[in-house]
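The values are calculated or read from the model by the stated rules, or taken from the named source; none is laboratory data. Quick caveat, the model's predicted, so the values are computed rather than measured. Note that each Cβ is placed from the backbone with ideal geometry, even for glycine, and that neighbours are counted across all protein chains shown.
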Amino acid sequence: MKEISTRTLIKIALAAFMLFLAIYYWPAAAGFLGVLFSAFVPLLLGLALAYPLNILMSFYEKHFFPNSGSRALIKARTGLCLIFAILTLLAIFALILWLVLPQLIGCVRLLLAEIPVALNRAAEWMVETGIADELVTRLTEWAQSFDWQSRLEGIISAVLGGATDVVGVVAGAVSTAVSGAATAFLAIIFAVYVLLGKKKLASQCNRLIERYLGDRLRGKIRYVTGVFDGCFHRFIVGQCTEALILGTLCLAGMLVLGLPYAAMIGALTAFTSLIPIVGAFIGGGVGAFLILMESPVQALIFIIFIIVLQQVEGDFIYPHVVGSSIQLPGIWVLAAVTVGGSVMGVFGMLLGVPVAAGCYRLLKNDVNRDVPA
């Protein structure tokens, strides 16, 4: 039996002591970890923003004079490709807003115009059925028995006592808005710096790994990060492709059926379908509500159409475009979306599928003994 060295025993004792301190002083440790996490939030958001931007940036780098011998062009190539990637992303969002906002404003105006008509119809119905007279009688009895003086005094005292609370709430809201804007700005700046210096950062990380980690551990880390990077890359590209296909099919089908707001609902369906499994239903629900204001019959036709389209998307488009790229069975996609949504909401739905795909592939390779030694 191999004897445990003194150095190993010291490491075990220190680890046990640190674990004891963390458990015994958990409130203080949790507060410290919360402050530390808050400090790193802009950097984490910047890395999250830099990853999809890097996919676009890498695409432009492959096609923007990749074999050029000009030193000036090579030096400016990274910055130009980053600018093209940012402009592409902004153009996509601008196109979605251009398709959605005008018709959405028209829907809101139509809704506001229909509200008075609906109220008048409701009032006429109440008068015809006699409900209005009974309601007036009940309101009169309630007004006569209501203690207006004591209620008014209570309202005045509550308003005076809550004035400071209102000021605190407003100050807190302003502080949160300013903090959120500052965090978003810092995240964008950090993402830009990361993408501009990604080659140097990758070289520095490789040097650190080479210096401080052994060959076996170094190979494991590179293997695991490579698997997850591939899963995330394929998921983002596949999900965007699937969203574009679904939005185009929705637009074409609505135009063929003669349904209103085809461009807006098609763009909205494409945008919401970025959320796996449930995204198309979210866009379909909003679209059905908007069409309902125009015609209940057309809204019913749209609901039937979106159900059929979602079935086609689930059986043919998603498995071939996204499912085959991430190599994750449908049941685990649904499980990843459910668990991710429960833990982190919409962001968890987006993050859960590639994480589950990476874990699934690592486990599958380990079972098949494909893990490198």
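For the stretch 253-295, give me the residue count where each residue is of a type outside the set (A, V, I, L, M, F, W, C), in a loop (DSSP other than H, G, I, E, B) and under 26 Å from the mean Cα position of the chain (by Cα).
3
Testing R234 on (1) closer than 23 Å to I86 by Cβ; (2) exposed (fewer than 14 other Cβ atoms within 10 Å of the Cβ), one condition comes back false. Which one is that?
(2)
Among the listed residues I86, I156, I74, I92, which satisfies the condition of being surrounded by 10 or more Cβ atoms within 10 Å (Cβ to Cβ), in contact with a Leu (Cβ under 8 Å, 6 or more places away or on another chain) and either modelled with pLDDT under 70 or under 26 Å from T272 (Cβ atoms) (or both)?
Checking each option against the conditions leaves just I86.
Residues to consider are F32, F20; find the one that is surrounded by fewer than 11 Cβ atoms within 10 Å (Cβ to Cβ) and without any contact (Cβ under 8 Å) to a residue 60 or more places away in the chain.
Values: F32 fails: surrounded by fewer than 11 Cβ atoms within 10 Å (Cβ to Cβ).
Step by step, each of F32, F20 is checked, and only F20 is surrounded by fewer than 11 Cβ atoms within 10 Å (Cβ to Cβ) and without any contact (Cβ under 8 Å) to a residue 60 or more places away in the chain.
If you go through the stretch 229-251, how many residues are more than 24 Å from V286 (Cα to Cα) and small (G, A, S)?
Residues flagged as more than 24 Å from V286 (Cα to Cα) and small (G, A, S) within the stretch 229-251 amount to 2.
Kindly provide the set of residues from the stretch 312-358 that are among the aromatic types (F, W, Y) and in contact with a helix residue (DSSP H, G or I) (Cβ under 9 Å, 6 or more places away or on another chain), ordered by number.
Y318, W332, F347
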